[in-house]
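Notes to accompany the following structure.
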Amino acid sequence: MVFRWNPVGDKNTVSSQLNELSRQLMANGVAAISYHITPPFYSQVSKRSSVYHFGYPEEIVATYLNPKVFESDPIPDHVMNIGHVMTWRQAIADQKLSKDHLNFVKAAEKLGFIDGVAVPLFGPKSRNSYFSMNFGKNMSADDEAIVRPLVGIAQSCHRRVCAIINQNSDSEPALSERESQVLYWISRGKSNADMAIILDISHATVDSYVRRLFKKLQVHDRISAVIMGLSNSLLKL
């Protein structure tokens with residue numbers, strides 16, 4: 001999904017926050033930005049990520065958002081795992097790239113990408129996001145004084161975006177007390193037979209609760225159920 005924002009709007013909307021972020025960064029020499037809005041505990045290049053972009057030509061955006069291309073970007077998840085700001089070139093050099101990653105890097109070079117700044121943004125309830133700034137040039141240590149305050153602006157914006165998303169979220173599936181218990185024990189690796197003993201109910205009843213849980217979470221396996229539970233704050237490990 002690609003976010004496209006109207007230039008005017010309520011200041012308490014995600015779009016208005018990102019419009020203001022774009023305005024401030026443009027005024028400080030940033031040519032283009034990319035901001036991934038991703039549910040907690042998911043890859044920053046997963047199908048669950050939504051991408052806001054500003055300043056990139058539509059042709060480049062369309063190419064990048066092709067799922068095969070997008071999911072091959074080696075930078076976002078690496079930067080989130082490392083947990084600190086780095087240039088794109090540093091992020092690429094800092095890891096062993098797969099064949100798909102190498103193809104992505106070559107394609108990006110052909111499209112004219114030079115270097116940029118990759119930023120991990122951290123929010124409440126593990127809602128963390130990848131953010132990048134493109135200055136249209138190779139970055140160096142001399143640029144640190146320029147980049148540092150811009151990262152602070154992006155982090156502040158991200159926290160406001162998180163607050164708006166959390167406030168407006170009405171999509172969290174409501175679980176019954178028993179379904180919550182089943183989800184908890186699934187996250188602890190317990191089988192249906194184990195849960196029947198722990199919860200003092202029949203194996204068939206546990207099976208029924210698991211099916212209902214999967215349906216509510218729109219998943220088909222236990223690992224996905226745990227991930228959905230974590231991403232929707234229905235479960236804490």
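What follows is calculated from the coordinates using simple rules that are stated; it is not laboratory data. Small disclaimer: the values here were computed from a predicted structure and weren't measured. Heads up, the Cβs are rebuilt from the backbone with ideal geometry, glycines too, and the neighbour counts pull from every protein chain shown.
For this structure, a couple of remarks:
- Label separation (Ala193 vs Asn81): 3.6 nm, computed from points 7 Å beyond Cα along the C-beta direction.
- Rounded to the nearest Hz, the phi-derived 3J(HN,Hα) couplings of region 192-199 under the Karplus curve 6.51 cos²θ - 1.76 cosθ + 1.60 (θ = phi - 60°) are 4, 5, 4, 5, 4, 6, 4, 8, where x marks glycine and proline.
- Between helix 144-168 and the chain: long-axis angle, C-alpha atoms, 0 to 90°, nearest 10: 30
- Segment Ile146..Glu71, full-extension length gain: 24.0 nm, with 0.36 nm per residue of separation and the alpha-carbon distance subtracted.
- P(r) for region 177-231, from all Cα pairs and a bin width of 5 Å, is 4, 23, 38, 24, 10, 2 %, short bins first.
- Degrees, to the nearest 10: 177-187 long Cα axis against longest axis of the chain: 70
- Per-pair calculated FRET efficiency, R0 = 35 Å: Ala163 and Asn28 via Cβ, rounded to 0.05: 0.90
- Nearest-ten-degree value, helix 222-231 long axis tilted from longest Cα axis of the chain: 60
- Out-of-range pairs (alpha-carbon distance over 26 Å; input Lys125/Lys215; Lys68/Lys216; Lys47/Lys190): Lys68/Lys216; Lys47/Lys190
- Remark: C-alpha extents of the chain on the principal axes read 65, 44, 31 Å, sorted largest to smallest.
- Under a 5 Å amide H cut-off, with hydrogens placed 1.01 Å from N, Asp115 pairs with Gly136, Lys137 among residues at least 5 apart or on other chains.
- Overall, the chain carries a charge dipole of about 340 debye about its Cα centre when +1 sits on the Cβ of Lys and Arg and -1 on the Cβ of Asp and Glu, all other atoms neutral.
- About its Cα centre, the dipole of region 177-231 is roughly 160 debye, where the only charges are +1 on Lys and Arg Cβ and -1 on Asp and Glu Cβ.
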